[in-house]
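*Asks:* Dumping the structure here so I can ask a few things about it.
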Protein chains: 2
Amino acid sequence: MEQHNSKPIRCIVKLGGAAITCKNELETIHMENLMIVSSQLRQTLMSGSASSRVVGMDWSKRIGFSEPPLLESDCSDQLVVDSKTFVVVHGAGSFGHFQASKSGVHKGGLSKPIVKAGFVATRISVTSLNLEVVRALAREGIPSIGMSPFSCGWSTCQRNMEEAEISMVINAIDAGFIPVLHGDAVLDSSQECTILSGDVIIRHLAAKLKPEYVVFLTDVSGVYDRPPTDLDAVLLQEIDVCEDGSWYVVKPALLGASKPEFTVASHDTTGGMVTKISEAAMIAKLGIDVFIVKVGTEHSLRALDGSLLGEIPNDWLGTAIRLVR
Amino acid sequence: MEQHNSKPIRCIVKLGGAAITCKNELETIHMENLMIVSSQLRQTLMSGSASSRVVGMDWSKRIGFSEPPLLESDCSDQLVVDSKTFVVVHGAGSFGHFQASKSGVHKGGLSKPIVKAGFVATRISVTSLNLEVVRALAREGIPSIGMSPFSCGWSTCQRNMEEAEISMVINAIDAGFIPVLHGDAVLDSSQECTILSGDVIIRHLAAKLKPEYVVFLTDVSGVYDRPPTDLDAVLLQEIDVCEDGSWYVVKPALLGASKPEFTVASHDTTGGMVTKISEAAMIAKLGIDVFIVKVGTEHSLRALDGSLLGEIPNDWLGTAIRLVR
């Protein structure tokens, strides 16, 4: 596997499926959240730029978005996003999920006609979401480039990332673009096909690209000690990770909590909390700070722009998962 | 570069931009042509199948296309397209062209803000066309899989195809899918970026995959001896290609024509005819039959289903370009 010897990556951002789509409405984008995310990413990428004017990069004909075509002079003072390299990965939310679960793509078995049809239908759905995410970012002047894991030739073995030549992602970054990847249906060498989730992609990219930090944008404020719908749920604000991958809650201290309190049940009764922290801890273990934060808030903006590297301010709302040094 | 040791490829089909879009209307698909193409491809791929029922594979919510979700039983007798392997490549037509020419993406220079913005805008436009082509094919029950050259990591040097790992295309074919590629904006090692045309992709894939034949679907009946808008234009029906790449017109004989009559002017006054034949001849030279034919006709169906391999029937309308054996 190639080494990443070119531009250092500042941040990998996960746009959670629940954050950018309406969970309970089939193939419906949460436009408000997507637009705020795009705007916050623009602010982050273009901070330090003299020009604050946005040069849209989606020139497509589109009902409701009839932008006049650009003139060359309009671009002359456009910031070229070069110094701050981001990678965006998004989940599927209400795109793809229906098609995948209806047909069982994640369980494999491409020789079954229903699985093959579901594979095609899933890819159509998730790539159409990808196109809309790329468009939203481009309208904010972010040079976004959609890249599908299937087209990149990525495949899995027993649902874990197997082949993953990432040179095309690195080349896109080095050329000054912001790659936008997504959870996708892919081939699997053990079960023919499966769903490659955005989280697995992020873990892989984080290990290869070694970004300074990873931000997960979700529809809740962070990771709680039990399902956030519970009235008593407490937001876990700071979690420390040891070199061996074990972790413990540092803040809030009142919990006095350490890992053993959260035993992983066969059904994770903490609302997936333990799984979420364990996945984040695998990234943090590499020395990469992880922030899990609610989309479209002042807190997400602070996570994105890197102002949390170092001391976490008391008024920041979210979950920070970091390696103890 | 890897060798293609797996399934033999029957045909590479080019859907010309002029055939599937409305040339003079920005980002407008020629739905009628696209639907006929999809239907003809289905007939071709599924001939010999007992079932003639179409199982749609686009399950997306969509105004005007509200298909009920499939039940597993609906798929039970679906033909699994396995024996007939096709690859589809489409042009851009009224998608991408405006964005690319406005910004000069084909001329390179990504450091110019207008070019970078144009690169992003071009990719948004061509990938949105790709998604619609994939959807149209999927609605006909064809297991189509969109694959973008940029995402495949393909790049050019002096506008010629350079890096082109095609294992992801082969793996998709071997898994029983029909890859759908397209002309795209890509990185170029000599001029930073350019446009990789569908025709260049086809030439490259033909050399690597060695299909039995290649079909170019266009908006005219084939290649003429002068611009087809000329009243006197004569359709060139059969062209023979020699091992050294030279070629001559065999039919119609009345032309008595051989290559020297068509000298390449700096402006190809034959309406691009010489260029078109020369490109096709480069494929034919490999022993691969090339058919150029009008989209959505009985003639295109005969070209697609392989019934022209061997003797060309007298009533077939189109241009066949083949190696003299």
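The values are calculated or read from the model by the stated rules, or taken from the named source; none is laboratory data. None of these values were measured; they are calculated from a predicted model. Cβ placement follows ideal geometry from the backbone for every residue including glycine, while neighbour counts extend to all protein chains displayed. Areas reflect the complete protein model, heavy atoms only, side chains present, ligands, DNA and RNA absent. Shrake-Rupley method; radii C 1.70, N 1.55, O 1.52, S 1.80 Å.
Yes/no matrix, rows are residues, columns are (1) in contact (Cβ under 8 Å) with a residue 24 or more places away in the chain; (2) surrounded by fewer than 19 Cβ atoms within 10 Å (Cβ to Cβ); (3) assigned to a loop (DSSP other than H, G, I, E, B); (4) aliphatic (A, V, I, L, M):
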site: A:Met168; (1), (2), (3), (4): no, no, no, yes
site: A:Ser190; (1), (2), (3), (4): yes, yes, yes, no
site: A:Thr194; (1), (2), (3), (4): yes, no, no, no
site: A:Ala207; (1), (2), (3), (4): yes, yes, no, yes
site: A:Pro211; (1), (2), (3), (4): yes, no, yes, no
site: A:Pro228; (1), (2), (3), (4): yes, yes, yes, no
site: A:Asp232; (1), (2), (3), (4): no, yes, yes, no
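*Asks:* Of the residues in segment A:170-186, how many are aliphatic (A, V, I, L, M) and touching a residue at least 60 places away in the same chain (Cβ under 8 Å)?
*Replies:* Looking only at that region, the number is 6.
Residues are listed down the side, and each one gets a yes or a no for (1) within 24 Å of A:Arg135 (Cα to Cα); (2) facing chain A (nearest Cβ under 7 Å); (3) open to solvent by 20 Å² or more (accessible area, probe 1.4 Å):
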{"residue": "B:Gly104", "(1), (2), (3)": "yes, no, no"}
{"residue": "B:Pro113", "(1), (2), (3)": "yes, yes, yes"}
{"residue": "B:Thr127", "(1), (2), (3)": "yes, yes, yes"}
{"residue": "B:Glu132", "(1), (2), (3)": "yes, no, yes"}
{"residue": "B:Asp174", "(1), (2), (3)": "no, no, yes"}
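*Asks:* Among the candidates A:Asp58, A:Asp82, single out the residue that is under 25 Å from A:Glu212 (Cα atoms) and modelled with pLDDT under 95. Walk me through it before giving the result.
*Replies:* Working: A:Asp58 fails: under 25 Å from A:Glu212 (Cα atoms).
Sole residue among the options that is under 25 Å from A:Glu212 (Cα atoms) and modelled with pLDDT under 95: A:Asp82.
*Asks:* Take A:Trp247 and decide whether it is over 25 Å from B:Val169 (Cα atoms), of a type in the set (Phe, Trp, Tyr) and crowded, with 19+ Cβ neighbours inside 10 Å. Full working, then the answer.
*Replies:* Working: over 25 Å from B:Val169 (Cα atoms): yes; of a type in the set (Phe, Trp, Tyr): yes; crowded, with 19+ Cβ neighbours inside 10 Å: yes.
Judged against the criteria, A:Trp247 is a match.
*Asks:* Just checking, which of A:Asp225, A:Asp244, A:Asp240 is over 30 Å from A:Ser148 (Cα atoms), among the acidic types (Asp, Glu) and modelled with pLDDT of 95 or more?
*Replies:* Details: A:Asp225 fails: modelled with pLDDT of 95 or more; A:Asp244 fails: modelled with pLDDT of 95 or more.
Selected residue: A:Asp240, the only one of A:Asp225, A:Asp244, A:Asp240 that is over 30 Å from A:Ser148 (Cα atoms), among the acidic types (Asp, Glu) and modelled with pLDDT of 95 or more.
Yes/no matrix, rows are residues, columns are (1) modelled with pLDDT of 60 or more; (2) in contact with a strand residue (DSSP E or B) (Cβ under 9 Å, 6 or more places away or on another chain); (3) outside any loop (DSSP other than H, G, I, E, B):
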site: A:His4; (1), (2), (3): no, no, no
site: A:Lys23; (1), (2), (3): yes, no, no
site: A:Glu27; (1), (2), (3): yes, yes, no
site: A:Met35; (1), (2), (3): yes, no, yes
site: A:Thr44; (1), (2), (3): yes, yes, yes
site: A:Glu67; (1), (2), (3): no, no, no
site: A:Gly93; (1), (2), (3): yes, yes, no
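*Asks:* So in segment B:151-166, with the set limited to residues that are open to solvent by less than 10 Å² (accessible area, probe 1.4 Å) and at the interface with chain A (Cβ under 7 Å from one of its Cβ atoms), which one is nearest to B:Pro211 (Cα to Cα)? Spell out how you get there, then give the answer.
*Replies:* Of the residues in segment B:151-166, the ones open to solvent by less than 10 Å² (accessible area, probe 1.4 Å) are B:151-152, B:154, B:156, B:164, B:166.
When the remaining residues are screened for being at the interface with chain A (Cβ under 7 Å from one of its Cβ atoms), the result is B:151-152.
Details: B:Ser151: 23, B:Cys152: 20 Å.
Applying the filter and picking the extreme gives B:Cys152.
*Asks:* Would you mind stating whether B:Arg123 is surrounded by fewer than 24 Cβ atoms within 10 Å (Cβ to Cβ), basic (Lys, Arg) and in contact with a strand residue (DSSP E or B) (Cβ under 6 Å, 6 or more places away or on another chain)? Break it down stepwise before answering.
*Replies:* Numbers: surrounded by fewer than 24 Cβ atoms within 10 Å (Cβ to Cβ): no; basic (Lys, Arg): yes; in contact with a strand residue (DSSP E or B) (Cβ under 6 Å, 6 or more places away or on another chain): yes.
Spelling it out, it is not the case that B:Arg123 is surrounded by fewer than 24 Cβ atoms within 10 Å (Cβ to Cβ), basic (Lys, Arg) and in contact with a strand residue (DSSP E or B) (Cβ under 6 Å, 6 or more places away or on another chain).
*Asks:* For segment A:267-308, how many residues are open to solvent by 10 Å² or more (accessible area, probe 1.4 Å), part of a loop (DSSP other than H, G, I, E, B), at pLDDT 95 or above and more than 16 Å from A:Val220 (Cβ to Cβ)?
*Replies:* Qualifying residue count, segment A:267-308: 3.
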